[in-house]
Amino acid sequence: MRPATRSVLAALVAALVVAPAAAADLGDETSLAERYAPVVRLVEQKEECGPGEPYEPIDVDALFDEPTVALRGPWNAFDLVKIGPTARDLAGLYEYHLDFPGNALDPGCSYERWGRRITEGTAPTVYGHVATDPKHPGKLALQYWLFYVYNDWNNLHEGDWEMVQLVFDAPDARAALSSKPVSIGYSQHEGAERADWGDDKLELVDERPVVYPAAGSHANFYEQALFVGSSGDEGVGCDDTRGPHVDLNPVVRTIPSETSVAQTAFPWIGFEGRWGELQDAFFNGPTGPNLKDQWAEPITWSETWRERSFAVPTGGILGTEATDFFCSAVAKGSTGLIRLVRDPVTTIIALATLLALVLFAAAKATWRPTAPLRVARRRTWGQILSAAGRMYVGRAPLFLGIGLLLLPVTAVTTVLQALLIGGLGLVGLDVDGESAGALALVVVLIGTTLTLFAFAFVQAATSCAVHRIDEGRPVDPVRAYRAAFEQIRPLLGASALASGVWLALTATGFLFPVAIWLAVRWALFAQAVELEGRTAVGALSRSAQLVRGRWFHVASLVGVGSVVTIVAGPLLGAVLILATSLPLALLNLVAGVIYAAAMPFVALTTTYVYFDARTRHELEPEEESDELPAELGTAPA
């Protein structure tokens, strides 16, 4: 027999022996993948293009032979290779990319509608894959890969691959079928979070792990919450998995562990390009499963899993300012970066113009002399801010005390709002949308009134302190609040009137500018109550009188003071989130304390605005309204 003939016969014999073994292995792998198929608990989207999660994990075959999908590259977004590529067209390609219809940086509702159209008639799908790791013999990984057509998070991009991995102390799928997983990991951005099999945080339905993908990012979590991340592994920003939810029981398609068999059954698994539009930096489409570290070394990768994710506290004795600010700041920063990438010239010009205006205004403002005492005098815009700053720093214990004594009021306000929400049934009560909206309005109205009253109380105490200092009389935080409390009824009445009108106007939407206009006109009512003994209505009228003709001047000063006060605590808290691993509840507490301590600064600014406006009216009586006479004296403080 010729050598060539013997080689052919040997190959045939080997194929006859190996093929049944491979088929048996694939059968075991399929059985194992179907046994632990995850339950995907998506955030419910109640209306098209509305809030919630519009994207489901899809069967990627829906992308192939699809005339709205293009294959482009390599390296260049404009090099068109083929319209409607097949799965085999992708096999072995390097640095090419798929391009879906739509603009990744300006998605609108296009990807949602497109994804729904191409998957019509198909079921949500996950791809099971059994893998071993040469560095860890005797261990087995069972992976589930999920593909979403779009990632609608801080880093917008077409295509999104996520995964779940179970780890077994078993050499192969057959052995794993007769054992239990020892651990499990959920992918989250560039990292993953682990749990031991049987951990309390791991939810199971008939031995199947429940996965909570975050709305937009599809990062996988073990429970419903708002999670904060401050690194690449966790994702920088906030992931929201809070319900209501919709449970998906996706179809499992098993990718064989044998490479040649896998590439025959799923040719796209050999694609070494991007599953989405080519873009800059993290707006780029993702690579596929075969290019991820966990595909070839799943157990080694599992050693990098984190023990936990950090859920944002749903409440706190002083609120959640730091985490709320962090989530909002990252989202707005991402929006700004997206605009920079989309239209760099216009964005840079706009930012440069804004910076130039700020620098020009600061340079033109007259800051000296500061002269914080002899309060009843005219001051320029810059002198008001510098006088407030010098007064605060020069008597820091007094004004810190005024601010920190507000902490119990802030805590009571927070607790009352929480109790109102629970008591009114906004959580867990089955009411129609109109009733829920009315109840929410009641909570907002009461919460806003309480917050405005707390701020007015600080302003009254601060103005009393400044007045006593100017007269050379002794004052401390307790005396300042005691004097303010003597005017509690008009303070509370003016606060209630102002917040009620403000909410009524803002609720209409189109009257929001009027609400802002009135808020500035009434910005001095606390000083009018405390220093002039005005009634609730009289204080609002007096404030409007003092602001008349200087609305932008007052608005800019109150705005600067308010920004400093509102941002100081949350900004420091956000920095600490990025720089430390301190508990989020503690950071929220720190932010609340700093907010309370900084609040007297805006009260000082408003007080100096009041004295400046009042002095101008006293010196320019011809501009006074005959409705309210200009009185030189003040009520006893």
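The values are calculated or read from the model by the stated rules, or taken from the named source; none is laboratory data. Please read these numbers as outputs of a predicted model, since none were measured by experiment. Positions of Cβ are backbone-derived with ideal geometry, glycine not excepted, and every protein chain shown enters the neighbour counts. Keep in mind that these areas ignore ligands, DNA and RNA; they rest on the heavy atoms of the full protein, side chains included. Shrake-Rupley method; radii C 1.70, N 1.55, O 1.52, S 1.80 Å.
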**Request:** Kindly establish whether Pro397 is at pLDDT 80 or above and exposed (fewer than 15 other Cβ atoms within 10 Å of the Cβ).
**Result:** yes
**Prompt:** Conditions: (1) open to solvent by 50 Å² or more (accessible area, probe 1.4 Å); (2) in a loop (DSSP other than H, G, I, E, B). Arg88 meets all but one. Number of the miss?
**Reply:** (2)
**Request:** For residues that are part of a helix (DSSP H, G or I), within 16 Å of Ala598 (Cβ to Cβ) and touching a residue at least 60 places away in the same chain (Cβ under 8 Å), tally how many sit in region 373-395.
**Result:** 5
**Request:** Filter region 521-537 for residues that are of a type outside the set (A, V, I, L, M, F, W, C) and open to solvent by 60 Å² or more (accessible area, probe 1.4 Å) and give the result.
**Result:** Thr535
**Message:** Checking the condition closer than 19 Å to Arg378 by Cβ and either open to solvent by less than 30 Å² (accessible area, probe 1.4 Å) or at pLDDT 80 or above (or both), which residue from Leu518, Leu540, Leu503, Leu546 passes?
**Reply:** Leu546
**Asked** Taking helices (runs of 4 or more DSSP H) that do not extend beyond region 450-537, which have at least 2 residues that are farther than 20 Å from Ala613 by Cβ?
**Response** 477-485, 488-507, 512-521
**Message:** Checking the condition within 39 Å of the chain's Cα centre (by Cα) and under 19 Å from Thr605 (Cα atoms), which residue from Ala515, Ala526 passes?
**Reply:** Ala526
**Asked** Restricting attention to region 226-235, which residues are crowded, with 19+ Cβ neighbours inside 10 Å and either out of contact with any Cys (no Cβ under 9 Å at 6 or more places or on another chain) or at pLDDT 90 or above (or both)?
**Response** Ser230, Glu234, Gly235
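Here is a yes/no grid of residues against (1) open to solvent by less than 30 Å² (accessible area, probe 1.4 Å); (2) touching a helix residue (DSSP H, G or I) at 6+ places or on another chain (Cβ under 8 Å):
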residue	(1), (2)
Phe78	no, no
Asn103	no, yes
Arg117	no, no
Thr122	no, yes
Gly128	yes, yes
Leu140	yes, yes
Asn151	yes, no
Leu156	yes, yes
**Evaluation of Val39 against (1) modelled with pLDDT of 95 or more; (2) open to solvent by 30 Å² or more (accessible area, probe 1.4 Å); (3) more than 26 Å from Pro267 (Cβ to Cβ) (one fails), failing number** = (2)
**Pick from region 272-304, criterion in contact with a strand residue (DSSP E or B) (Cβ under 7 Å, 6 or more places away or on another chain) and among the charged types (D, E, K, R), ranking: surrounded by the fewest Cβ atoms within 10 Å (Cβ to Cβ)** = Glu272
**Asked** Which of the residues belonging to region 340-355 are among the hydroxyl-bearing types (Ser, Thr, Tyr) and modelled with pLDDT of 70 or more?
**Response** Thr346, Thr353
**Message:** Can you go through Glu56, Glu47, Glu34, Glu29 and tell me which one is in a helix (DSSP H, G or I), at pLDDT 80 or above and open to solvent by 60 Å² or more (accessible area, probe 1.4 Å)?
**Reply:** Glu34
